Amino acid sequence: MKKPIIAAILATTALAGPALAQDPVTLTIESWRNDDLGIWNDTIIPAFEASHPNIHVEFAPTAPAEYNAALNAKLDAGSAGDLITCRPFDASLELYNKGQLADLTDLAAMANFSDVAKSAWQTDDGAHTFCVPMASVIHGFIYNKTAFDELGLQEPTTVDEFFAVLDKIKEDGTYIPMAMGTNDQWEAATMGYQNIGPNYWHGEEGRKALIAGTQKLTDEDWVAPFEQLARWKDYLGDGFEAQTYPDSQNLFTLGRAAIYPTGSWEIGVFRPQIGDAFEMGAFPPPVQNAGDTCYISDHTDIGIGMNAATAHPEEAKEFLEWVGSPEFAQLYGNALPGFFPLSNAQVTLDDPLAQEFISWRDQCESTIRSTYQILSRGTPNLENETWNASANVIRGTETPADAAARLQQGLESWYKPGEAAQ
Amino acid sequence: MAARRATRWHIAVFLAPAVLVYTAVMILPLFGTLNLSLYRAEGFVGLANFRTLFGDPHWSEQFWNALRNNVWFFIIHMLVQNPIGILLAALLSSPRLRLAAFYRTAIFIPTILSFVIVGFVWKLILSPIWGIAPSMLQAVGLKFLFQPFLGQEETALTTLALISVWQFVGIPMMLIYAALLSIPDEVLEAAEMDGITGWSRFWKVQLPLILPAIGIISILTFVGNFNAFDLIYVAQGALAGPNFATDILGTFLYRTFFGFQLQLGDPNMGAAIATAMFLIILAGVCVYLFAIQTRLRRYQF
Amino acid sequence: MAARSHPGRTFAAHAILIAYTLIALFPVWVIVINSVKSRRAIFGAPLAVPTPETWDLVGYTTVLENGDFFGYFQNSLIVTVASIFFVLLFGAMAAFALSEYRFRGNTLTGLYLALGIMIPIRLGTVAILQGMVAAGLVNTLTALILVYTAQGLPLAVFILSEFMRNVSDDLKNAGRMDGLSEYAIFFRLVLPLVRPAMATVAVFTMIPIWNDLWFPLILAPSEATKTITLGSQVFIGQFVTNWNAVLAALSLAIVPVLILYLIFSRQLIRGITAGAVK
């Protein structure tokens, strides 16, 4: 009870003058990662405070669904925290353009990040960076290794093998072949379409062509992932239409489903829930023909920036420099297996499944989700429409061609390629 | 209502605290927001946002879909929630009913629950996976009736409306109950002298007397339903799936005003939607205040 | 009264009420039994009563270890009770003015005071927050009480004025003959008579306040001013929700509102019987 009151007093007196300069300054972090409260309080913040006794950090997360709305309101009214966890691309770009996120281009730690890593938190011309990249997440499929061994199955590498495996699991009947539902819609788009899509549209090549306007969503490469999704329907559990995301997670962790289309973030979620009940494995999205180059979605997902209105810009920058350091990358990558540090620093990950996911970076070409950069800037919003379309396609209420045509039409209604890059 | 001396200061004293707090904390911020509907980022645009809302198919289709769904949501509440509420209140108010306090409390409990819990528990019960509803239906031989209700476009909205009825039936029940208890005993005794008892007493004596209260619950249901948001948001998310089958004005407004996922909030279009909703609700309330309420009062005495 | 209560009719009444009570309580039962089970058991067999193997208080222990839950409870109670008090007091005063006196602008004032239930107050968030920042009220319970009082007033005025119209004029006029001031008539004669309506309004006001997540999140998210509903949100994560803890926290959160409800519904009954003695 005492601490917050002291913090509040500090916060109010800090403006009054540096008379209290000896006392540590308190920095508050805004975040949507309720999940990480323990990690920050027990691991990350103590490590930072040990080397920076003049700064006290408080991690104050908001439930993810309310984060953007709550943060925007607090920024507008001037009551937001000093450090702001950044969503990738436009949500943060908008805050920077409104002058609410500070320009961090000159931060020394920025040298530790590649251009690709920084691209999610830069102006379109790449001249200004406003958040320190923290982590990316990689899509793929997690499977129940114990079940695979039991049924004598191998990790599929091609689409045909993938469906052959699904057929066998279905035939056997012990397990639901694949755990996915369409109730919450986003899994269909994110863990479905964006997961398998890069293999069809050749990762960055297709993504950039779409932005440049040389490819359309109605092109074969962009419709094909929908066609594969439509085939998934037969391998999902009964009543998948009403199956929510937590339902899918539980189906898999309770050992009732064999394959789980996923993102690497689930590693940290699943480990404690599964315990010793069975072993997990992972394979990247299968390619069309054996020997094809594989592409993975290695999506820049989370960064951290500075509230331009903070009363403690120096201390906040000190903290951000530390977040950009190899020390932080090492701590964060291991505290949150499946959130892969974007830093160039060599990080050793302890979790074998996390190692498996990150090893795909060497075998496959990396890309980010196709709808995130620039293309979801207008109305109708391409990403949100893709959720709806992917769910419809899996439920079989919209054909892949119709869904693609609808998305393309929505995109064309506001997006004129070429004009985007300012 | 005697005529009074020149200035009746007490009227101002009675009204002042409510009017001041309400104006400062609620009305000024809200109308400041509604005012945004006349602007875009580039400045004052008059009614352009409304032309977009009703003229651009992308917006107007969503609006009419949400309005249609909302009307259906309201109809279910009027047809299911309010009659059940009145029935329960009538039963509870019957004299010397044992356990009345227990029933009243038990039936009211769902109303107290937070939306988070209501969404969780009904999704758990209706889930095709964890088996509560399927196994219960199986036990009575009706397994074939089971469907993934919340996941199908045809059933999702009605299912959610019924969950909402379950949650809020305590409100009309309590209001009607209070109204029934307010009927003076002399009236009921007089009726009894005339040999009017039981259900006919309810129909002939009590019902006419609680018509104003029924008017209130109808208008409260109307206002509540057209502002509803939380249950759908908790159960189906801001995109109100499947395929916008459960999108009502509240979710449409929230998505637009505050933004959702990669869609950034658009306070201007959001304010335009809010203004449209406000006018719909205001029209309903005016119909009630000026047409229904005055008639009801004439009927009463 | 009610000399003849038919046994058949009483039986039917009980049958209907019991049936509906079961419908009302079944999901609550599901919540309560699952709040004391392990995650595996919740989803393995959600309807099963906890057995020694599935009995698990992990939800409750997580809740108690995580943050100051008693403090959160206290904050929720202070905010709720204070808001109810102001809503009832100010609301009843305004409702009395509207229903008792005929003056120019009466209907318009009534309509004005009802506008608030037609627009979700969430939309005013930024302006409200700016006001609170300017007044230095961010992270105080006062900010929440102010917002909830404003939010509760329209409904209170709406319902109370309806009920106050039914208070007999004879009584008030008799009071005036005895030389009572208008204030005395309101506080001593009218208020006691509308106690059932006041209790009803109190209950309606308290529920959205108790369960509100938004304004605590925006106006008072600090550790010292967190409400119970906001405190429970910490268990709802991006990719995983600790349902044990959420169920435990929200099951616990029902208890205080239930007690308030019982207090108010006693008032409701007592108000009636007091009214009958008049």
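The values are calculated or read from the model by the stated rules, or taken from the named source; none is laboratory data. Here the structure is a predicted model, which means the values were calculated and not measured. Methodologically, a virtual Cβ is constructed for each residue, glycine included, from the backbone with ideal geometry; neighbour enumeration extends over all protein chains shown.
Odds and ends about this structure:
- The one condition in (1) in contact with a His (Cβ under 9 Å, 6 or more places away or on another chain); (2) buried (at least 24 other Cβ atoms within 10 Å of the Cβ) that A:E318 fails to fulfil: (2)
- When the range C:138-154 is filtered for residues that are touching a residue at least 60 places away in the same chain (Cβ under 8 Å) and part of a helix (DSSP H, G or I), the ones remaining, listed by number, are C:L141, C:A143, C:L144, C:I145, C:V147, C:Y148, C:T149, C:G152, C:L153.
- Selection status of C:F85, exposed (fewer than 15 other Cβ atoms within 10 Å of the Cβ) and at pLDDT 90 or above: yes
- C:A202 being closer than 30 Å to C:L137 by Cα, assigned to a helix (DSSP H, G or I) and either more than 10 Å from chain B (Cβ to nearest Cβ) or in contact with a helix residue (DSSP H, G or I) (Cβ under 7 Å, 6 or more places away or on another chain) (or both): yes
- Number of the condition not met by C:A41 [criteria: (1) more than 22 Å from B:T105 (Cβ to Cβ); (2) surrounded by fewer than 19 Cβ atoms within 10 Å (Cβ to Cβ); (3) over 30 Å from the mean Cα position of the chain (by Cα)]: (2)
- The set of residues from the range B:84-136 being part of a loop (DSSP other than H, G, I, E, B), surrounded by 20 or more Cβ atoms within 10 Å (Cβ to Cβ) and within 14 Å of chain A (Cβ to nearest Cβ) comprises B:S114, B:S127, B:P128, B:I129, B:W130.
- Top-ranked residue of the range A:191-215 - restricted to ones that are of a type outside the set (G, A, S) and over 23 Å from the mean Cα position of the chain (by Cα), ranked as surrounded by the fewest Cβ atoms within 10 Å (Cβ to Cβ): A:T214
- Number of residues in the range C:113-136 that are surrounded by fewer than 19 Cβ atoms within 10 Å (Cβ to Cβ) and part of a loop (DSSP other than H, G, I, E, B) equals 2.
- In the set B:F257, B:F290, B:F226, only one residue is closer than 30 Å to A:P64 by Cβ and without any contact (Cβ under 8 Å) to a residue 40 or more places away in the chain; that residue is B:F257.
- Set C:F90, C:F70, C:F96: member being in the same structural domain as C:E182 (by TED's automatic domain parsing) and either hydroxyl-bearing (S, T, Y) or out of contact with any helix residue (DSSP H, G or I) (no Cβ under 7 Å at 6 or more places or on another chain) (or both): C:F70
- Taken over the range B:192-221, the criterion of being of a type in the set (A, V, I, L, M, F, W, C), more than 11 Å from chain C (Cβ to nearest Cβ) and free of Cβ contacts under 8 Å to residues at least 24 places away in the same chain is satisfied by B:I196, B:W203, B:V205, B:L207.
Residue by residue, here is whether (1) under 30 Å from B:P184 (Cα atoms); (2) assigned to a loop (DSSP other than H, G, I, E, B) holds:
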{"residue": "C:D170", "(1), (2)": "yes, no"}
{"residue": "C:A174", "(1), (2)": "yes, no"}
{"residue": "C:F186", "(1), (2)": "yes, no"}
{"residue": "C:S232", "(1), (2)": "no, no"}
{"residue": "C:Q238", "(1), (2)": "no, yes"}
{"residue": "C:A248", "(1), (2)": "no, no"}
{"residue": "C:V255", "(1), (2)": "no, no"}
{"residue": "C:Q267", "(1), (2)": "yes, no"}
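- Selection count where residues are assigned to a helix (DSSP H, G or I) and either under 17 Å from B:Q81 (Cα atoms) or more than 33 Å from the chain's Cα centre (by Cα) (or both), scope the range B:189-206: 5
- Failed condition for B:Q147, given (1) assigned to a helix (DSSP H, G or I); (2) crowded, with 18+ Cβ neighbours inside 10 Å: (1)
- Hits in the range A:216-253 - residues which are surrounded by 19 or more Cβ atoms within 10 Å (Cβ to Cβ) and not in a helix (DSSP H, G or I): A:L217, A:L236, A:G237, A:G239, A:Q243, A:T244
- B:V234 fulfils the conditions (1) within 14 Å of chain A (Cβ to nearest Cβ); (2) surrounded by 22 or more Cβ atoms within 10 Å (Cβ to Cβ); (3) among the hydrophobic types (A, V, I, L, M, F, W, C); (4) in a helix (DSSP H, G or I) except for a single criterion, (2).
- Complete set of residues in the range C:126-154 that are within 8 Å of chain B (Cβ to nearest Cβ) and of a type in the set (S, T, N, Q): C:T149, C:Q151
- Helices (runs of 4 or more DSSP H) completely within the range B:4-74 that count 2 or more residues being touching a residue at least 12 places away in the same chain (Cβ under 8 Å), more than 14 Å from chain C (Cβ to nearest Cβ) and not β-branched (V, I, T): B:48-55
- Residue in the range A:156-168 that is free of Cβ contacts under 8 Å to residues at least 40 places away in the same chain and in a loop (DSSP other than H, G, I, E, B) present: no
- Selection of the range A:151-197 for residues being in contact with a helix residue (DSSP H, G or I) (Cβ under 9 Å, 6 or more places away or on another chain) and of a type in the set (D, E, K, R) yields A:E155, A:D167, A:K168, A:K170, A:D172, A:D184, A:E187.
- Lone unmet requirement of (1) farther than 20 Å from B:A156 by Cβ; (2) more than 18 Å from the chain's Cα centre (by Cα) for B:G284: (2)
- Considering the range C:6-79, the qualifying helices (runs of 4 or more DSSP H), each wholly inside and each with 2 or more residues that are within 12 Å of chain B (Cβ to nearest Cβ), run over C:7-35, C:39-44.
- Filtered residue count, the range C:211-229, keeping only those that are buried (at least 24 other Cβ atoms within 10 Å of the Cβ), within 13 Å of C:D68 (Cβ to Cβ) and within 10 Å of chain A (Cβ to nearest Cβ): 2
The rows are residues; the columns are (1) under 21 Å from B:L34 (Cβ atoms); (2) not in a helix (DSSP H, G or I).
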position: B:N243; (1), (2): no, yes
position: B:R255; (1), (2): yes, no
position: B:G270; (1), (2): yes, no
position: B:A276; (1), (2): yes, no
position: B:I280; (1), (2): yes, no
position: B:V285; (1), (2): yes, no
position: B:A291; (1), (2): no, no
position: B:T294; (1), (2): no, no
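- Exclusive hit being within 13 Å of chain C (Cβ to nearest Cβ), within 30 Å of A:A127 (Cβ to Cβ) and among the acidic types (D, E), set A:E30, A:E58, A:E66: A:E30
- Odd one out for A:D149 among (1) assigned to a helix (DSSP H, G or I); (2) at pLDDT 95 or above; (3) surrounded by 18 or more Cβ atoms within 10 Å (Cβ to Cβ); (4) more than 14 Å from chain B (Cβ to nearest Cβ): (3)
- Residue within the range B:138-150 that is within 13 Å of chain A (Cβ to nearest Cβ), closer than 20 Å to A:A391 by Cβ, at pLDDT 90 or above and in contact with a Lys or Arg (Cβ under 8 Å, 6 or more places away or on another chain) present: yes
- Test: residue in the range B:252-271 that is among the β-branched types (V, I, T) and within 14 Å of chain A (Cβ to nearest Cβ): yes
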